[in-house]
Amino acid sequence: MEILALENLSFRYPAEEKDTLSHISLSIEEGDFCVLCGTSGCGKTTLMKLIKRELAPHGTLSGEIRFCGKAQGELSARESAADIGYVLQNPEAQIVTDKVWHELSFGLENLGCGTEYIRLRIGEMANYFGIAHMFREGTSHLSGGQKQLLSLAAVMAMSPKLLLLDEPTSQLDPIAAADFIGTLKKLNRELGTTIIIAEHRLEELLPIADKVAVLENGALAAFGTPQKVCRELGGTPIFAGFPTAARIWQKLGGTGEAPLTVREGRKFLEQRVKIASLSEKTNAKNEKNTLTEQKSTPALTLAEVFFRYEKSAPDILRGASLSLREGEFFCLLGANGAGKTTVLRAAAGLAKPYKGKIKAHGKKTVLLPQNVQNVFIKSTVREDIEDMLAIYGAKKDEIGEKAFSLAEKLGVTHLLGKHPYDLSGGEAQKCALAKVLAASPDILLLDEPTKAIDPAAKRELAHIVRELCRGGVAVLAVTHDVEFAAENADRCALFFDGEILAPAAPQIFFSANNFYTTAASRISRGILENAVTESDVLRLLEVAK
Amino acid sequence: MNKKNIAKYIVLLVLVPLVVLLGAVAFDDKKYIFVSACVAVLSCVPFFMSFEGKKTSTKRLVLLAVMLSFSVAGRYIFAFLPHFKPVTAIVVIAGIYLGTESGFLCGALSALVSGFIFGLGPWTPFQMFAWGLIGLLSSLLSEFLKKNKIALCVFGAVSGVLYSLLLDIVSTMWYDGVFNPSRYLALFVTALPVTAVYAASNVIFLFLLATPMGKKLERIKIKYGL
Amino acid sequence: MNRNDIAFARFHPTVLFFYFFCLILFTVFTQNPVLLLSALCGGILFCAVTNTAKKNLAAAKLYVPMFLLVSMTNPIFSHSGATPLFFMNDNPVTLEALLCGVDLAVQVCAVMLICGAFSRVMESDKLLALFGKLSPRLATVLSMALRFIPLLKRKWGEICEAQRALGYFREESFFDRIASYARVFSALVTWALESSVDTAASMSARGYELAGKKHFSLFRFTRGDGIMLALTTALSAVTLFGILLGKADFDFYPRISEINTDIFAIITYAAFGTLALLPFIFEVKEALKWKYLRSKI
């Protein structure tokens, strides 16, 4: 049965000259798991909000939205509130009440359900979503992943027929994100809930999707099964967010079924290698990596650093040592809550070690926090950058010019007049970088720089970092993003148990890891040697040809 | 001003003094403190009721909650400076930019939530009343205060002093059971440094925060479509 | 000691509220030293059994000076009374005023202690449950605020640190410090207001604007609650009756009256004394019960 139909839907915001959405028609069947993707600013959020009547933005709308065969306007307020669930992007802001149980009961109270019914229902939800152990706790202590699960559970308590999720995992670390997606899959498979999820991280999502809708500049660029969309969109910019297996398949000119998972990717690659009959050169290791070992003026040295928050607390850093060189991009990987951020805080002088030495060799260090919004304190990006320049002693008549040239360097001149909170994830990050760079640092510390940004923004970020390194700036990033580290870092290391382990070039680092590694490495393991990125795999196969 | 508002002012400006008078007569002017606590709570009731009764938009509700959290969280944030707290300043700002009802509620609920966190006491009803009144007055003077920063600062100083004066009355009655002018004077004099810090903090916070916070509230009101 | 460890706190919020309302009402309305002393005893004993030694010491540090302050200052401000002890600045310091001061000090400390007990027993969950019945919308606002306050505290720390890491934060002088803090505060305001847009969306999405809301709370009214409510009501009724009959009347001026000791007065004292000591008695009873249970295991 068709649960949602959009017919020739167009939408325009009041002050805009152009349609944000134009002529979108699609149909979702009951029980479908549908992924909506597109670059930021393509109109995903607007489309999702239009489907949820309570959140529909002001503007002119044409075309029709039908839910369960009824026009949207004919739905009762109750139906619209209860039958369509909506989970937002920001885990922090969408929780309303102070206690977990109260958050679960919030929607049911609004529906006017009786006490006994609510009691049973929220108990059921807490169990199903594995949050029973924090049932009576305050919502403010939860981690980001737990908050998102709670928001999902709170929406599911109202038993919606259709669940809309707007980039729900973009603020989460990969493990929490995978967990969340796993829960969605379970909801879809076990309860038959229809799901529409807007995302740009598709590696785990695409294999479980029934349908994929791709938006480009407000128009529907493709719609259908993942296979169909892979065939139609292969090679377009949006394809950069698709699973690695599919990308390799497309680049190698694969035909037929596109592989979406690592398992399928391995199968495909094995066949390819057999056909190409590779014999000798299957090792992706090259001389480039040993080169970085040589240029070694140290910029930042951590020598056996110990740190703990309180006298009685456990050590967070337990003899962490690291030598960051000028012009180097160093990525520190590791699990959540292990204390990676503490390394950055120590390097920035925010956490004072009780043992060991940190030497910055007289160089200026700045830290870009994980949540880049914390950097902004003014009402426009321009004011923020200028303020920073003024603090770092730029002359009054030069400030405007300098701010502009910085913005130019980062490609954000068009955003200078905007309010920092009106920016998308990628935009906010570039603007924050511009502000941080106004201090003209020698050492740049980045905390989870790829969180909440789309693949295009990630590429731009990589480019900016590389430019900075070329100019002699040392960059130390703490990240979960193995793909980003593998593609861009000069060296990577693992942070575990308070220590920095095995710093090495990414190819050596990742091919030594079995689990904590890139999808490309997992796909090519045992078939090709030391291939850790998509381009490694492609290069080896190109060579073979 | 609509009828509902007029009714509200009647309760506040006529009914309340009447109850005080009645209480004084009925209780042989001994138990002022309890009567006045009742009055203080009573004066909040019309606002609570009208807030409950009408359909305040969800967005206004959230804004009220945010301002309320700020006035309470401010106590933690500036904990390193004793008595130097932004509560009154934020209540005034809420009054100016969010209207009469939100102003009053922000003030009254700030006292209540502070009580939830730091402990409720006999002073809570009076704090509710005093801060509520400050919020209410600032919203009535909002047009004037928005334009004139000096007036705003003076208003902040005066409300700091009035707040202290009112709570000193309460303490006097609390310690003596009746209003004792000489004790009041003594209390007022001993509390003078604290009152001065109060007034100064109100002035400084209003001076620093009123314009930027006002701008932000206006921006959000536009973004919300209020 | 944790709130969960206070046995008395496990009663239904309505029962607890009613109990403390009655107790405070009587304590505030009487001048009778017997009643006030039993209220003070109840407060002290409950405080003693439910708090750690460290906290008790801190409380004593607060209450003893307060007691002295109120009792000693009364004769300075009040000159009524028929028995002058000595003269100060041509004003008589009377025995009545002195004893009245002590009586007032007992009252003030008793009310403060009872309020303290109330605050510890009624955590925000219970207050919200009560409020929610009277005014669901206000309860929502309060609940949102209670969620938001710790969040603001954390975010404040985050922004301060982010600014420090940029070399933005000056703490050299008082005014530098205030200015830096005001800047961060302003950034915090922006963040809070902007994220409130999402909070409102999340509320609307879950039907907050629907008519016919119902209030839900986790608290269940049990048989034990019923018994406690009945007990409170009965004891309060006896006390009230005694007070209305004038059995507990007591005056300091012009001369100190005698404490009434007829049978009705004693019944009144007994009823109020039991009321005031109820939380303590209950606490001890529960502690003994656990001990007994454990010895059986």
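For this structure, a couple of remarks:
- Where GluC sites (Glu not before Pro) in DSSP loops with at most 11 other Cβ within 10 Å are excluded, longest remaining stretch of chain C: C:1-170
- Two-decimal Rg to Rh for chain A - Kirkwood Rh, Cα set: 0.98
- Within the same chain, aspartates and glutamates fewer than 8 places from A:K363 are excluded, and of the rest, those with a Cα less than 12 Å from its Cα are A:E326, A:D442.
- Förster radius 41 Å - calculated FRET efficiency between A:A456 and A:Q271, Cβ distance, rounded to 0.05: 0.85
- Annotation for B:T211 and C:T83: the two label points, set 7 Å from Cα along the Cα-Cβ direction, are 6.7 nm apart.
- Buried solvent-accessible surface, both chains (A, C), 1.4 Å probe, Å² to nearest 100: 4900 Å²
- Applied to the stretch B:77-87, the Karplus parametrisation 6.51 cos²θ - 1.76 cosθ + 1.60 on θ = phi - 60° returns per-residue 3J(HN,Hα) values of 4, 9, 4, 6, 10, x, 6, 9, 10, x, 3 Hz, with x for Gly and Pro.
- Remark: accessible surface ordering of A:K378, A:K211, A:K395 (largest first) is A:K395, A:K378, A:K211, probe radius 1.4 Å.
- Buried accessible area, chains C and B (both chains, 1.4 Å probe, Å² to nearest 100): 5400 Å²
- For the segment B:212-224, counting C-beta atoms of other chains within 10 Å of every residue's C-beta and taking the mean gives 4.
- Working ranking of peptides B:40-52, B:94-106 by packing, defined as the average number of other Cβ atoms within 10 Å per residue, highest first, is B:94-106, B:40-52.
- Between C:C160, C:A187, C:S202, the Cα set farthest toward the positive side of the dipole of the stretch C:147-205 (charges on each charged residue's Cβ, about the Cα centre) is that of C:S202.
- FRET efficiency for the C:L69 to A:E232 pair, using the beta carbon distance and R₀ = 56 Å, is estimated at 0.10.
- By average C-beta atoms within 10 angstrom, highest first, the peptides B:123-134, C:98-109, A:409-420: B:123-134, C:98-109, A:409-420
- Shape category assigned to the stretch B:146-226 from the gyration tensor of Cα positions, a/c cut at 1.5: prolate
- Of C:T222, C:T50, C:T94, the residue with the greatest mean-square motion in the GNM of chain C, using alpha carbon springs below 10 Å, is C:T222.
- Percent of C-alpha pairs per 20 Å bin in the protein assembly as shown, short distances first: 11, 36, 34, 15, 4, 0.
- Fraction of accessible area attributable to carbon and sulfur, the stretch A:71-187 (%, probe 1.4 Å): 52 percent
- Per-residue [θ]222 nm for chain A (sum of -39500 (n - 2.57) over DSSP H runs n ≥ 4, rounded to 500): -11000 deg cm²/dmol
- For chain C, calculated [θ]222 nm from helices alone, where every DSSP H run of n ≥ 4 adds -39500 (n - 2.57): -25500 deg cm²/dmol
- Cβ charges +1 (Lys, Arg) and -1 (Asp, Glu), total dipole of the stretch B:3-224, debye: 1060 debye
- For the options C:F282, C:F175, C:F29, a Gaussian network treatment of chain C with springs between C-alpha atoms closer than 10 Å singles out C:F175 as fluctuating the most.
- Candidate residues A:K49, A:K311, A:K355: accessible-area rank, largest first, probe 1.4 Å: A:K311, A:K355, A:K49
- Rh by Kirkwood over Cα pairs, then Stokes-Einstein D for the stretch C:86-202 at 1.567 mPa s and 4 °C, µm²/s: 67 µm²/s
- When the listed pairs A:K18/A:K430; A:K435/B:K216; A:K418/B:K223; A:K44/A:K211; A:K147/A:K340 are checked against a 19 Å cut-off, the alpha-carbon distance exceeds it for A:K18/A:K430; A:K435/B:K216; A:K147/A:K340.
- For the pair B:L165 and C:S295, label points projected 7 Å from Cα toward Cβ lie 6.4 nm apart.
- Per-residue SASA entry for B:F118, accessible area with 1.4 Å probe, Å² rounded to 10: 100 Å²
- Shielding value for C:22-35 is 1, the average number of Cβ atoms from other chains within 10 Å of each residue's Cβ.
- The stretch C:147-205 - percent of accessible surface contributed by carbon and sulfur, probe 1.4 Å: 53 percent
- Carbon/sulfur fraction of accessible area - the stretch C:35-135, other protein chains in place, 1.4 Å, %: 75 percent
- As a size descriptor, the averaged projected area of the C-alpha convex hull of the stretch C:147-205 was calculated at 4.4 nm².
- Placing a label point 7 Å from the Cα of A:K402 along the Cα-to-Cβ line, the residues of the stretch A:346-384 whose backbone N sits under 20 Å from it are A:363-368, A:375-384.
- Using a probe of 1.4 angstrom and keeping all protein chains present, the accessible surface of the protein assembly as shown works out to 42 square angstrom per residue.
- Inter-chain Cβ neighbour average for residues B:121-129, partner chain, 10 Å: 2
- Taking all protein chains together and rolling a 1.4 Å probe, A:R459 ends up with roughly 130 Å² accessible.
- Label separation (C:R154 vs B:K55): 3.5 nm, computed from points 7 Å beyond Cα along the C-beta direction.
- Calculated P(r) tail over 23 Å for chain C, as whole % of Cα pairs: 70 percent
- Diagonalising the gyration tensor over the Cα atoms of the stretch A:460-542 and scaling each eigenvalue by 5 before taking the square root yields semi-axes of 22, 18, 10 Å, largest first.
- Counting only protein heavy atoms and using a 1.4 Å probe, the accessible area of A:K458 comes to about 60 Å².
- Taking a straight line from the alpha carbon of C:K155, these aspartates and glutamates sit under 17 Å away, with near neighbours fewer than eight places off in the same chain left out: A:E92, A:D98, A:D447, C:E194, C:D198.
- Global geometry of the stretch A:222-277, whether rounded, prolate or oblate, following the gyration tensor of its Cα atoms and the 1.5 cut on a/c: prolate
- Calculated FRET efficiency for the pair A:S62/C:E123, C-beta based, R₀ 45 Å, to 0.05: 0.30
- When the Cα positions of A:A351, A:A240, A:V262 are compared along the charge dipole of chain A, A:A351 comes out farthest toward the positive end, with charges on each C-beta of Lys, Arg, Asp and Glu.
- In order along the stretch C:39-44, phi translates into HN-Hα couplings of 4, 5, 4, x, x, 5 Hz, rounded to whole numbers, per the Karplus curve 6.51 cos²θ - 1.76 cosθ + 1.60 with θ = phi - 60° and x for Gly and Pro.
- Dividing the alpha-carbon radius of gyration of the stretch B:3-224 by the rule-of-thumb value 2.2 N^0.38 Å gives 1.01.
- Of all aspartates and glutamates in the structure, those lying under 15 Å Cα to Cα from A:K251, and not within fewer than 8 positions of it along the same chain, are A:E232, A:E534, A:D536, A:E542.
- Accessible surface ranking that places the most exposed of A:E64, A:E304 first, with a 1.4 angstrom probe: A:E304, A:E64
- Pairs exceeding 29 Å between alpha-carbon atoms, taken from A:K186/A:K451; A:K409/B:K149; A:K451/C:K153: A:K409/B:K149.
- Working ranking of peptides A:225-234, B:198-207 by packing, defined as the average number of other Cβ atoms within 10 Å per residue, highest first, is B:198-207, A:225-234.
The values are calculated or read from the model by the stated rules, or taken from the named source; none is laboratory data. Just so you know, these numbers come straight off a predicted model, no measurement behind them. All Cβ positions, even for glycine, are placed from backbone atoms using ideal geometry, and neighbour counts span all protein chains on display. Areas reflect the complete protein model, heavy atoms only, side chains present, ligands, DNA and RNA absent. Shrake-Rupley method; radii C 1.70, N 1.55, O 1.52, S 1.80 Å.
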